[in-house]
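Take a look at the structure set out below.
The values are calculated or read from the model by the stated rules, or taken from the named source; none is laboratory data. What you see is a predicted model, and the numbers here were worked out from it, not measured in a lab. A quick note on method: Cβ atoms are made from the backbone with ideal geometry, for glycine too, and the neighbour counts reach across all protein chains shown. Surface areas here come from the heavy atoms of the whole protein model, side chains and all, with no ligands, DNA or RNA. Shrake-Rupley method; radii C 1.70, N 1.55, O 1.52, S 1.80 Å.
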Amino acid sequence: MNSTKDTPKDDGHQNDAGKNSLDTEHSIVTPKSKGGGQERRIIAEDPEWNLAPIEKLTALCVKAIVANFEKKPILEGIPEKYRDSIIESIPLDFPLSIAGPLIPDPSYWKRRTKSKFQYSSVTNHGNSWKRMFFELHLRDVIENFKPTTDTNVMSESMKQLQLELFLAAPFVETLKLRKLKPIEVVPVPPDDDDKYKDLKKAPDVPSDKPLDHLELGGLLVQLKQLKEFSCYYGLTDCGMDFSWSFFGMTLKDSISLCAGLEIITLTKLAITASGIDDDRCRLISHSLLDNSTLKHLDLSHNKISQTGARGLAKLLASPKTVLEILKVSNNQIEKEGAKCIGKSLQVNNTLFHLDLRLNYLHDQGGHFLLLCLVKNKQLKSLDLSGNGLEMKSTKALAVLLKHNLPTLTGIDVSCNKLGDYVAERTMNTGSTQNLLDPAPVIQNIGKVNDMAGKILFEATSQNKYLTSFDLRTTGLTPEYLVAIQGIVTENSHDL
């Protein structure tokens, strides 16, 4: 028998009823379309369901990677277009321990740098946003570090600082510290059983002796890529708690720094306005005697005198030195220190620029230094402004100019009394307008025979390489100043 005959057929009315019940329960019947049929739209029972199109699988993968990036950081092997989307979605407060070694993309570090540091230029950091971020970040960490005599607190603080150094070390090449906080002395509580505790109490008298700072030598050694370092041992925002003890490098600070300088290979070192005296200067100079990488040394605005200048002279005369720029302006080197530096420059063949502004060299010191430079074949620019130079130095300068050194192209001897010319300033008060705006009128009452101007004019006319010669406020007559400047301008055009 055919089994199909015995199979009961479905009732059409029952099927239509079931279909209508489903339509009523899960759909909405809309008005008929132009084609005559009905448009239906499924409405899910899930209240969070919406009509938006489902995201692509790639977008879901990107979101999943970003959400779990801290636990499972993955960038390798991801196509570039999706990799960029992942990096753009990574938050700016992401842990540096993961972001540092894993994310090389400059766009992320640019966003992170601009969100944290407002006034900075990437050109000062090798045009690298990642390097810029870590250099500024490490600078802020060290500047805000507060050393203390409490060993427990100091130990925990140093652990955190060591971690920051470890993360930043591969990227930091320049470190410029604008301030350093002094050590906080925590008083030791007295022993209750000590019957002499009242006698042992130190008087609460403020001291102007500088306090120690964070020991930088051990920290700098960990920065293997560091090439330029500058530091100011002092505070910039001490407020009402001002004390002279906050400013200046101590002997302990210099010993720690010098220990690091003997190991690291810097190309630029600048420690300015930090109260460096002769002892500290000699320590720094001695630590650099065997250095064959340092090209720029700046110890301006300190307290270096004749003894410290001897240490610098020894550094200049060292056969291993490659120093090209030496700045020691606004110190107290004086004539004996100038003589030591002058002798060292007779054998030095690396220095390009020497800045000795405001050092009280006086006429004898300037005279000796300028004569010593006749034998130097490397110096390109010299700054001796504001040193009390007079006629003897003028004659020595003329000898140097007549020597016609092809390397020496710039000289600054401004603010020295080379000549005797004086311009007297008088006030015009002959009218009401002059009383309201009393403009000074210069009357030339200088000597007609300007010996210093004549000597320098003749010497400059024989020099074909000098392109910069600053003679402002040196006591020379305007006629000679204009004539000398004309020769210098002509030399610059010829070159």
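In terms of the mean number of neighbouring beta-carbon atoms within 10 Å, the peptides 215-222, 262-269, 310-317 order highest first as 310-317, 215-222, 262-269.
Sequence-ordered 3J(HN,Hα) estimates for segment 256-266 from the Karplus curve with 6.51, -1.76 and 1.60 and θ = phi - 60° stand at 5, 5, 5, 4, x, 5, 6, 10, 6, 10, 7 Hz, glycine and proline given as x. Under the shape rule built on the C-alpha gyration tensor, where the axes satisfy a ≥ b ≥ c, segment 279-407 is oblate, since a/c reaches at least 1.5 while a/b does not exceed b/c.
Take each peptide in 472-480, 379-387, count the other Cβ atoms within 10 Å of every residue, and average; sorted highest first, the result is 379-387, 472-480.
Determine the shape class of segment 202-294: with a ≥ b ≥ c the square roots of the Cα gyration tensor eigenvalues, call it rounded for a/c under 1.5, and otherwise prolate if a/b is greater than b/c, oblate otherwise. In terms of gyration-tensor shape, prolate. For the peptides 389-402, 90-103, the ranking by packing is 389-402, 90-103, with the highest mean count of neighbouring Cβ atoms within 10 Å listed first. Give Lys146/Lys176; Lys146/Lys224; Lys339/Lys392; Lys320/Lys343 a once-over and call out the pairs whose C-alpha atoms are over 20 Å from each other. Correct reply: Lys146/Lys224.
Among the chymotrypsin sites (Phe, Trp or Tyr not before Pro) in segment 200-295, those located in a DSSP loop and surrounded by at most 15 other Cβ atoms within 10 Å of their own Cβ are Phe242.
What length, rounded to one decimal in nm, is gained on full extension from Asn124 through to His353, with 0.36 nm per residue of separation minus their alpha-carbon distance?
80.3 nm
Of the accessible area of segment 42-122, computed with a 1.4 Å probe over protein heavy atoms only, carbon and sulfur atoms account for 58 percent.
Our coupling estimate for segment 119-128, obtained by passing each phi through the Karplus curve with A = 6.51, B = -1.76, C = 1.60 and θ = phi - 60°, is 10, 8, 10, 5, 5, 7, 10, x, 6, 10 Hz, Gly and Pro reported as x.
Past the 20 Å Cα-Cα mark, which pairs from Lys395/Lys454; Lys227/Lys295; Lys71/Lys159; Lys335/Lys380; Lys81/Lys114? Cα-Cα > 20 Å for Lys71/Lys159; Lys335/Lys380; Lys81/Lys114; rest within. Take the Cβ atoms of Phe117 and Lys56, set R0 to 35 Å, and the FRET efficiency comes out at 0.40. What is segment 35-184 by shape, rounded, prolate or oblate, if you read a ≥ b ≥ c off the alpha carbon gyration tensor as root eigenvalues and call it rounded for a/c under 1.5, prolate for a/b larger than b/c, and oblate otherwise? Prolate shape, in that a/c is at least 1.5 and a/b is the bigger ratio.
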